[in-house]
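Asks: The following block contains the structure, expressed as structure tokens.
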There are 4 protein chains.
Amino acid sequence: MADVTIWNEYRHEREDDDVAAVYPDGIHATIADALDAGGADRDDGPDHEIRTATLDDPEHGLPPDVLEETDVLLWWGHEAHDEVSEAVVDRVQQRVLEGMGLIVLHSGHYSKVFKRLMGTTCSLQYREDGRTERLWVVDPGHPIADGLDESIELPRTEMYGEPFDVPEPDRLVFTSWFEGGEVFRSGCCYRRGSGRIFYFRPGHEEYPIYEDDDVRRVLRNAVDWATPREGAPRTFGERD
Amino acid sequence: MADVTIWNEYRHEREDDDVAAVYPDGIHATIADALDAGGADRDDGPDHEIRTATLDDPEHGLPPDVLEETDVLLWWGHEAHDEVSEAVVDRVQQRVLEGMGLIVLHSGHYSKVFKRLMGTTCSLQYREDGRTERLWVVDPGHPIADGLDESIELPRTEMYGEPFDVPEPDRLVFTSWFEGGEVFRSGCCYRRGSGRIFYFRPGHEEYPIYEDDDVRRVLRNAVDWATPREGAPRTFGERD
Amino acid sequence: MADVTIWNEYRHEREDDDVAAVYPDGIHATIADALDAGGADRDDGPDHEIRTATLDDPEHGLPPDVLEETDVLLWWGHEAHDEVSEAVVDRVQQRVLEGMGLIVLHSGHYSKVFKRLMGTTCSLQYREDGRTERLWVVDPGHPIADGLDESIELPRTEMYGEPFDVPEPDRLVFTSWFEGGEVFRSGCCYRRGSGRIFYFRPGHEEYPIYEDDDVRRVLRNAVDWATPREGAPRTFGERD
Amino acid sequence: MADVTIWNEYRHEREDDDVAAVYPDGIHATIADALDAGGADRDDGPDHEIRTATLDDPEHGLPPDVLEETDVLLWWGHEAHDEVSEAVVDRVQQRVLEGMGLIVLHSGHYSKVFKRLMGTTCSLQYREDGRTERLWVVDPGHPIADGLDESIELPRTEMYGEPFDVPEPDRLVFTSWFEGGEVFRSGCCYRRGSGRIFYFRPGHEEYPIYEDDDVRRVLRNAVDWATPREGAPRTFGERD
């Protein structure tokens, strides 16, 4: 069991009726449901303690004690990346390096948190076209792919295309095929310090992506994978 | 300038009229032409000394002195992988570890040489469908992508699909999109010992893939990239 | 809980009194004890079902059904690598690619099994000097380092020095310092197919290395880490 | 030939007589000499156009036009990392992602520029002990090791020890052995965007490390390696 915090910008859902129709309680609520917030027994992994946090909460809902108690943080943001304070970015980065898992979703590729940890622009190509995406499992041995078939098909998505300006992933789990002719590395694993980071592409606010059973399964698998493992001490500084 | 040896199984072209129509002098001759065997000045890199070798030559055209003088070896094979002798595979492996570059083409994924160096089955999915492939440059900073646009489009190809059972590439340069709905990691860089290895997917014998200008450019870039660099001594064994 | 098979060449212990004095029941028995073969409750992880196999058993103790039931295979060999049959090497490789974990110990770097999976010579430098080795944890966040301090100190070991002719590890957990002046990448993680591979340097037959508490902890951690995870299907071949 | 800019904090040399005795014209001048600033023909590679820049120059000597013309930037800093402006760090990062090579030296591990590109703390252990360091070539096939023997020995250095909180290097070229008992990954290669980054450990201000012939050779090799290669366009944003 992990202590999971789902962070959502939570602006589109309150500003745009079309988005509100898809995610009436916010994307964070739908993700919480996917992770089985209710505490019912999961048949495919441990239950989690779930909390949510949003941009407009004090300290964006991520004061030090919340992050201290968080094993895995999920991050969804889009239109207000610049409003996230540097203090919170510093804090998230530090916790990841100490071991907290981080799952960055969709347009979160441009979040300060992800760019800080990657060291690159995290830019990509995109098109709002609402056509099919098929995510191929390129690493079937990876636990994030547990329980999936050879691919996941999403009938209507926004397109993200290469190049994706990130460091070469430690391990690439998914690559997306788009009906319009593009490809994208859509499931990328990294480690930074003691923390595990997973970038997962699906999740545009205008489509009910987080209602998809396979996507929900990936989110659960990713939380399990990103949960901190015990290691050895991280000791720095002057030695005798 | 590099000493380049192009190895071709050279059976399809002699057995099958359709293939002979595409590659009348053998795939190796077309690749040699792509690398500018005639010695004319290249405007995009150094000239090379080119030789070719085929399965039915004595020692498959790869006796020790030929490999000793080879800086970069290209490998195309398909229907007769099993006829390649273990002695020649041993020799090629040893030369790669010493620094010789190796470029494995298309169905060469199943060659003994490639499987030996990868340690995996190198299996994949495929379909003979003759539809469009688009190779996206996912690593625009890589010298193998020099001079290309954001993608290469091949109107008629055989499809190769994921999963591709190879070790995670050191660097992934191309990912293919197929009209039929699949993706494939179609340009994969590895180093083994002091040698550089590049797997490049395009090249089915029934389509004139090696006549394509962009594909030819990739072959030239790959030869330049795989040419051995000087390093430090590889010294093994007992120390004083 | 994992089904663990410990493979030992088991020749030195029967041929050499000095080695027999250190490992009277064979290195495999000592490793089995380290993994808590007796079934007593471990305080630092799950119990395992342990079996052992040796070179002189029929099929080296690794017939298909044994490998089929093995989650993690440990491998110790030294003087008789060449006596291991190709059929058994094929079988072990196949099982690793399917997901079986493999832990290669000390002089097992030169085993056919490890060389097959690495694709390189796996050569290194060495000296029989019986001086101190200190294994530094370079990746404190890795679960194989769980419960260790910042380093492991072994007062008397054989020295292994760089260069070590293996592919760049996916993740380097330990680097050894030797009193005589050398360094070595002594804990290397790889994935091949769906299987996890860990090379761990310590373990010369003339020193009671596998009695060391920290070394035993690493072995237990490595078994936990190498235990197969569920993933997605590995489907290859022709598609419709 | 590359356009090389050597950036030096240049404070210790002006504030501390002991350092001034070692580097009377500044560390940058000694490095420039190592790279053959005078323009004489090098026998081991191309000449370079060298310029130097220091912290107390306007814009730290790195206005946009200087960076625009720089192929490879070397960076040495220690006591005044915090005085480097964010604007210059932004600019250096952007240029690296566009393709500029970056060589970070010794205590530059804690520079804003390196931490920005790595996404980690870049922390380590250290001890001012003035004893021997031996840098082992762990990747003899790497061009940065060209012309070296199996190791470089420096009789008096500051010690840096693991853990080193950086992302797993793309390629590890050197690992240091320290007389006092530690090890360190002392030559680490990364790519970020289109730029190549090399971290090289030697270079404490109180020892004449940059006068050492092998160290100078590594600096020259590293500049050659980090010089930008041509690739494909980096095109981001909305697609039709």
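Asks: For region C:178-221, which positions are of a type in the set (S, T, Y) and more than 17 Å from A:A232 (Cβ to Cβ)?
Replies: Answer for region C:178-221, where residues must be of a type in the set (S, T, Y) and more than 17 Å from A:A232 (Cβ to Cβ): C:Y190, C:S194, C:Y199, C:Y207, C:Y210.
Asks: Provide a single number: the residues in region C:115-129 that are surrounded by fewer than 24 Cβ atoms within 10 Å (Cβ to Cβ) and modelled with pLDDT of 95 or more.
Replies: Adding up the residues that qualify gives 10.
Asks: Here's something else I'd like to know. Of the residues C:I144, C:I152, only one is of a type in the set (A, V, I, L, M) and more than 16 Å from the chain's Cα centre (by Cα); which?
Replies: Result of the check over C:I144, C:I152: C:I152.
Residues checked against (1) in a strand (DSSP E or B); (2) under 19 Å from B:V173 (Cβ atoms); (3) out of contact with any Phe, Trp or Tyr (no Cβ under 7 Å at 6 or more places or on another chain):
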{"position": "B:W75", "(1), (2), (3)": "yes, yes, no"}
{"position": "B:E79", "(1), (2), (3)": "no, no, yes"}
{"position": "B:D82", "(1), (2), (3)": "no, no, yes"}
{"position": "B:I103", "(1), (2), (3)": "yes, yes, no"}
{"position": "B:S107", "(1), (2), (3)": "no, no, yes"}
{"position": "B:C122", "(1), (2), (3)": "no, yes, no"}
{"position": "B:E128", "(1), (2), (3)": "yes, no, yes"}
{"position": "B:T132", "(1), (2), (3)": "yes, no, yes"}
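Asks: B:E168 fails exactly one of the following numbered conditions: (1) part of a loop (DSSP other than H, G, I, E, B); (2) open to solvent by less than 10 Å² (accessible area, probe 1.4 Å); (3) within 14 Å of another protein chain (Cβ to nearest Cβ). What is the number of that condition?
Replies: Exception for B:E168: condition (2).
Asks: I would also like to ask the following. Would you mind finding the one in D:T175, D:T157 that is away from every other protein chain (no Cβ under 11 Å), crowded, with 24+ Cβ neighbours inside 10 Å, under 27 Å from B:R239 (Cβ atoms) and among the polar types (S, T, N, Q)?
Replies: D:T157
Asks: A further question on this structure: Residue by residue through region B:9-64, note down the ones that are assigned to a loop (DSSP other than H, G, I, E, B), open to solvent by 40 Å² or more (accessible area, probe 1.4 Å) and modelled with pLDDT of 95 or more.
Replies: Answer for region B:9-64, where residues must be assigned to a loop (DSSP other than H, G, I, E, B), open to solvent by 40 Å² or more (accessible area, probe 1.4 Å) and modelled with pLDDT of 95 or more: B:Y10, B:D16, B:P24, B:D25, B:D56, B:D57.
Asks: Confirm whether C:A87 is aliphatic (A, V, I, L, M), more than 14 Å from chain A (Cβ to nearest Cβ) and farther than 27 Å from B:R234 by Cα. First the steps, then the outcome.
Replies: Details: aliphatic (A, V, I, L, M): yes; more than 14 Å from chain A (Cβ to nearest Cβ): yes; farther than 27 Å from B:R234 by Cα: yes.
It is true that C:A87 is aliphatic (A, V, I, L, M), more than 14 Å from chain A (Cβ to nearest Cβ) and farther than 27 Å from B:R234 by Cα.
Asks: While we're looking at this one, here's another question. Is it the case that some residue within region A:129-149 is over 30 Å from C:T235 (Cα atoms) and either within 13 Å of chain C (Cβ to nearest Cβ) or out of contact with any Gly (no Cβ under 8 Å at 6 or more places or on another chain) (or both)?
Replies: Within region A:129-149 (the criterion being over 30 Å from C:T235 (Cα atoms) and either within 13 Å of chain C (Cβ to nearest Cβ) or out of contact with any Gly (no Cβ under 8 Å at 6 or more places or on another chain) (or both)), the answer is no, since none of the residues qualifies.
For every residue, the table says whether it meets (1) more than 21 Å from A:H204 (Cβ to Cβ); (2) of a type in the set (G, A, S).
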| site | (1), (2) |
| --- | --- |
| A:I31 | no, no |
| A:D47 | yes, no |
| A:G61 | yes, yes |
| A:V66 | yes, no |
| A:D71 | yes, no |
| A:R91 | yes, no |
| A:Y110 | no, no |
| A:R134 | no, no |
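Asks: Does at least one position in region A:185-194 carry a residue that is more than 17 Å from A:F114 (Cα to Cα), of a type in the set (S, T, N, Q), in contact (Cβ under 8 Å) with a residue 12 or more places away in the chain and open to solvent by less than 10 Å² (accessible area, probe 1.4 Å)? Write out each step before concluding.
Replies: Within region A:185-194, the subset more than 17 Å from A:F114 (Cα to Cα) is none.
Scanning region A:185-194, I find no residue that is more than 17 Å from A:F114 (Cα to Cα), of a type in the set (S, T, N, Q), in contact (Cβ under 8 Å) with a residue 12 or more places away in the chain and open to solvent by less than 10 Å² (accessible area, probe 1.4 Å), so the answer is no.
Asks: Then there's this: Determine whether region A:205-212 contains at least one residue that is modelled with pLDDT under 95 and under 15 Å from the mean Cα position of the chain (by Cα).
Replies: yes
Asks: Taking region C:201-240 as the region of interest, how many residues are part of a loop (DSSP other than H, G, I, E, B) and either within 14 Å of chain B (Cβ to nearest Cβ) or open to solvent by less than 10 Å² (accessible area, probe 1.4 Å) (or both)?
Replies: Looking only at that region, the number is 13.
The values are calculated or read from the model by the stated rules, or taken from the named source; none is laboratory data. The structure presented is a predicted model; accordingly, all values stated were derived computationally and were not measured. Note: ideal-geometry Cβ built from the backbone for every residue, glycine included; neighbour counts use all protein chains shown. Ligands, DNA and RNA are excluded from the accessible area calculation, which covers all protein heavy atoms including side chains. Shrake-Rupley method; radii C 1.70, N 1.55, O 1.52, S 1.80 Å.
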